[in-house]
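The structure appears right after this line, and notes come after that.
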Amino acid sequence: MTIHFKTPCFLLLGAVAILSGCATTQPTAYQGLDSSEYLRPNEQSRRGHEPYVYNTSVDWKRYSTFIIEPVKIYRGPDNQFEKVSEEGKQELANYMHEQFDEKLRQKYTPVSSPQQDTLRIKMTLTGAKPTKQFIGTVMKMDLAGGPYNATQAVRGREGAFSGSVSYAVEIYDATTNRLLKAYVDKQYPNAMNMKSTFGSLTASKTGIRKGADNLLENLQ
């Protein structure tokens with residue numbers, strides 16, 4: 001049996017009006033970051049990802065171990081948290097540390113003290129947007145937002161009323177403390193990902209997992 005979700009006319013019209021003028025928040029070169037003065041607009045940004053970066057010439061193959069610092073929650077006035085409680089911020093920070101650590105272990109060996117081949121990874125949670133319950137689900141299925149989200153999915157862009165996560169990554173040579181690479185990014189689920197709409201922070205956590213994958217790609 002097929003279940004059809006029917007959106008009330010007033011909700012449909014309101015959603016269409018919102019979609020016609022909606023805009024998503026993009027990460028900035030957050031002023032409170034240690035790497036802020038080095039970050040520059042990324043001319044090779046892919047679909048809006050990593051809008052600000054700092055790159056140096058690095059032979060990543062010479063590194064085989066890593067130290068990952070606890071994830072910091074950004075407190076600067078230019079943070080981009082949208083109605084996320086302190087408990088929610090800490091939950092996301094802990095999850096980010098867990099996922100990035102797990103991903104790094106696929107290529108590197110964790111160590112407790114710096115060696116000649118050690119990277120130090122510093123991450124800062126700079127923003128998060130929870131999924132709007134109910135409407136975030138309906139908008140993926142009904143006339144109110146199905147076509148819009150389908151288009152966004154093809155473009156690799158953010159879905160309507162979907163959650164997201166913003167963060168910064170700073171990568172150092174652990175022995176010299178030289179900054180090797182830094183970037184800010186925003187990650188979110190595929191615009192048609194239905195599972196990500198159940199739970200206010202589920203979409204943000206999906207974005208964190210995507211961010212962990214992206215970090216490993218950056219170390220190639």
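Starting from 0.36 nm per residue, how many nanometres of slack lie between Glu91 and Asp34 once their C-alpha separation is accounted for? Intermediate results must be reported in sequence, preceding the final value.
On the way: separation 57, 0.36 × 57 = 20.52 nm, distance 2.35 nm.
Stretched fully, the Glu91-Asp34 segment lengthens by 18.2 nm.
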Ranked from highest to lowest mean number of other Cβ atoms within 10 Å per residue, what is the order of the peptides 66-72, 83-89, 200-206?
-> 200-206, 66-72, 83-89
Go from 0 up to the bin containing the longest alpha carbon distance in region 30-132, width 10 Å each, and give me the % of pairs per bin.
-> 13, 35, 40, 12, 1
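Checking the table Lys72/Lys122; Lys129/Lys181; Lys61/Lys181; Lys83/Lys210; Lys89/Lys129; Lys129/Lys186 against a 18 Å threshold on Cα-Cα, which pairs fail? Before the final figure, lay out each step's value.
Details: Lys72/Lys122 8 Å; Lys129/Lys181 26 Å; Lys61/Lys181 15 Å; Lys83/Lys210 22 Å; Lys89/Lys129 10 Å; Lys129/Lys186 11 Å.
In this structure, Lys129/Lys181; Lys83/Lys210 exceed 18 Å between Cα atoms.
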Packing-ranked peptide list from 167-180, 105-118, highest mean Cβ count within 10 angstrom first, is 167-180, 105-118
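No lab work stands behind these numbers, since they all come straight from the coordinates. Given the structure is predicted, the values throughout are model-derived calculations rather than measurements. Note that we place each Cβ from the backbone using ideal geometry, even for glycine, and neighbour counts take in every protein chain shown.
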